[in-house]
Amino acid sequence: MALVALISGRGSNMRALVEAGLPVSAVISNVAGAQGLEFARSRGIATKVLEHRKFASRDAFDAALAAEIDAFAPRLVALAGFMRVLGAAFVQRYEGRLLNIHPALLPSFPGLDTHAKALAAGVKLHGCTVHFVTAEVDHGPIVIQAAVRVRAGDSPESLAARVLAQEHIVYPRAARWFLDGRLLRQNGVVTVKGNDAQLVVSPD
Ligand code: GAR
């Protein structure tokens, strides 16, 4: 099978994967009312809800999540706005086939509120990153980045909207590369067989 996406909310990145024709076999959320679940259902994609609150520990949640994922035997697990930190054992289990999208040009601005942090830092270039997940949150070998110009007068919301449009371009591209077996990892650096561009610079 192909790809399982993990979401916590809106699910627009998951939707971008589906709409780009990627074979999403299941969508799993740690939040019962996650908006993205509705879209997945409307496309006939299997959905599962596994509320982390109902588990006694992070490890117990991670183990249950892994069991749900493995039931679909995916080649790729894509974190798509999954706002729950995953433990080392989980990360190790899916090492090399776990991707995340983060709304900043890593290694700048890991964590939350990336757009506000970018504005506060006065950076002139911001963006998003698709990376392999490692034990350290919002780190790991970079597959592709998209850059957007920071405009005078930007608010976190206006900047987020321009970055999100790029997220929807680069995540499907990265997932496709992965499933086509085109990603090579060496010493923490990812290259793409065929030398496709791993940087998108938005004209906006
Ligand atoms: C996206 O901007 C994604 O990059 C971010 O959450 C948003 C989810 O939106 N992820 C993170 O911050 C992970 N560290 P979506 O649910 O519409 O895809």
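Would you say Phe90 is more than 19 Å from the chain's Cα centre (by Cα) and either more than 11 Å from the ligand (Cβ to nearest atom) or not aromatic (Phe, Trp, Tyr) (or both)?
Answer is no for this residue.
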Exercise. If you take the residues of region 1-19 that are surrounded by fewer than 22 Cβ atoms within 10 Å (Cβ to Cβ) and part of a loop (DSSP other than H, G, I, E, B), which of them is farthest from the ligand (Cβ to nearest atom)?
Worked result: Met1
For this session: Consider Ala147 carefully, then state whether it is within 16 Å of the ligand (Cβ to nearest atom), under 25 Å from Ser12 (Cβ atoms), free of Cβ contacts under 8 Å to residues at least 12 places away in the same chain and not polar (S, T, N, Q).
Result: no
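Report yes if some residue within region 160-180 is free of Cβ contacts under 8 Å to residues at least 12 places away in the same chain and more than 26 Å from Phe90 (Cβ to Cβ); otherwise report no.
Checking region 160-180: at least one residue is free of Cβ contacts under 8 Å to residues at least 12 places away in the same chain and more than 26 Å from Phe90 (Cβ to Cβ).
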Problem set entry | Complete set of residues in region 114-130 that are surrounded by fewer than 23 Cβ atoms within 10 Å (Cβ to Cβ) and either within 10 Å of the ligand (Cβ to nearest atom) or not in a strand (DSSP E or B) (or both) | Ala116, Lys117, Leu119, Ala120, Ala121, Gly122, Val123, Lys124
Exercise. Can you pull out the helices (runs of 4 or more DSSP H) entirely within region 20-113 that have at least 3 residues that are touching a residue at least 24 places away in the same chain (Cβ under 8 Å) and surrounded by fewer than 17 Cβ atoms within 10 Å (Cβ to Cβ)?
Worked result: 58-70, 88-93
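Quick check on this structure: which one of His115, His131 is in contact with a Leu (Cβ under 7 Å, 6 or more places away or on another chain), farther than 20 Å from Leu3 by Cα and modelled with pLDDT of 95 or more? Lay out the reasoning, then the answer.
On the way: His131 fails: farther than 20 Å from Leu3 by Cα.
When all the criteria are applied, what remains is His115.
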For this session: Go through region 131-186 and give me each residue that's of a type in the set (Gly, Ala, Ser) and either under 15 Å from Leu98 (Cβ atoms) or outside any strand (DSSP E or B) (or both).
Result: Ala135, Gly140, Ala152, Gly153, Ser155, Ser158, Ala160, Ala161, Ala165, Ala174, Ala175, Gly181
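Which members of region 109-120 meet the condition of being of a type in the set (Gly, Ala, Ser) and under 17 Å from Thr134 (Cβ atoms)?
Selection gives Gly111 alone.
The values are calculated or read from the model by the stated rules, or taken from the named source; none is laboratory data. All of these numbers come straight from a predicted model, not from anything done at the bench. Every residue, glycine among them, receives a Cβ derived from its backbone with ideal geometry; neighbour counts consider all protein chains shown.
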